[in-house]
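Please read the structure below before turning to the comments.
The values are calculated or read from the model by the stated rules, or taken from the named source; none is laboratory data. As the structure is a prediction and not an experimental result, all values here were calculated from the model. Please note: Cβ atoms are built from the backbone with ideal geometry, for glycine as well, and neighbour counts cover all protein chains shown. Side chains are part of the model used for accessible areas, which takes the heavy atoms of the whole protein and leaves out ligands, DNA and RNA. Shrake-Rupley method; radii C 1.70, N 1.55, O 1.52, S 1.80 Å.
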Amino acid sequence: MEGSQERPLAVITGASSGIGLELARVFSAEGFDLLIAAEDAELTLALEDLKSEGAKVEAHRVDLATEAGVIELYRHIANTGRPVDALALNAGIGAGGAFATETKLADELKLIDLNVRSTVHLCKLVVADMVERDAGRILFTSSIAATMPGPFQAVYNASKSFVQSFALALRNELKDTGITVTSLMPGATETEFFERAEMEDTEVGAGEKDDPAEVARQGFDALMADKEKVVAGAFKNRAQVVAGRVIPDGVKAEKHREMAEPGSAEES
């Protein structure tokens, strides 16, 4: 990758659109060179957009839902010959519908492979290098979905609960080192997520959403300030998380059902 060795390097997954692309923009504006990754063809457009905005960026198209894809990306990172100063583990997908009767197992296993397995795998590889240098920052894209059971998004919410727990545990393990870990917890955000998860007919899918650029900026600022986590986007997201600390899980599950049940957009 072309770029000054004095400039820090940020690696961002899921960077072809949405929060990931906006994270890339923020990191670039704050003086980072970029290595962005995603599995879809939109990555080429993201690369062109970032370059047109003056970013020093390299893109690597890879399917991180596979073990081979994670290893391939890590080898690509190693081949740059540069340390990773910031790792944004943002790649993830959703799957909407009733687990028992509507969703496809293959889709849910891929969701687990991408949201959970690849996050752990890539983090394991990169954090070892950070520990050796005693320096680095890791940003996990979790979700406010991590704080509640998710009827009609059962596997997705569970995956984000895993990411949230993993991020906070890793932060604690590394608290006496030069490595920082932050969890970014967005609410519903204006991205391709709901279309890809086939949730456009749900109340949450059809409702008002947060600006991904704002979410990304809040995530970056929290990472640089060494915050444990940041609930990003609208005030209602923070209020929901705070209220969730005292609301029983059964009540939270029922509220989530109202938002995520197929056809709920027509009822709201």
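Things worth noting here:
- As a rough guide to protection, the peptides 179-188, 123-132, 64-73 ranked by mean Cβ packing within 10 Å, highest first, stand as 179-188, 64-73, 123-132.
- One Cα centroid belongs to segment 143-188, the other to segment 1-58; the line between them spans 23 Å.
- Cleavage-rule hits, trypsin sites (Lys or Arg not before Pro), segment 190-247, DSSP coil, Cβ neighbours within 10 Å at most 11: 245
- Shape of the chain, Cα gyration tensor, a/c cut at 1.5: prolate
- For the chain, the number of Lys pairs separated by eight or more positions or lying on different chains, with C-alpha atoms closer than 15 Å, is 7.
- Averaging the sequence gap over all C-alpha pairs within less than 8 Å and six or more residues apart, then dividing by the number of residues, gives the chain a relative contact order of 19 percent.
- Per residue, the chain reaches -14000 deg cm²/dmol at 222 nm when only DSSP H runs of four or more residues are counted, each adding -39500 (n - 2.57).
- Computed over neighbours whose Cβ is under 12 Å from that of residue 164, the net charge equals +2, Lys and Arg +1, Asp and Glu -1.
- Those trypsin sites (Lys or Arg not before Pro) in segment 57-117 that DSSP places in a loop and that have at most 11 other beta carbons within 10 Å: 104
- Solvent-accessible area, 1.4 Å probe, carbon plus sulfur percent, for the chain: 51
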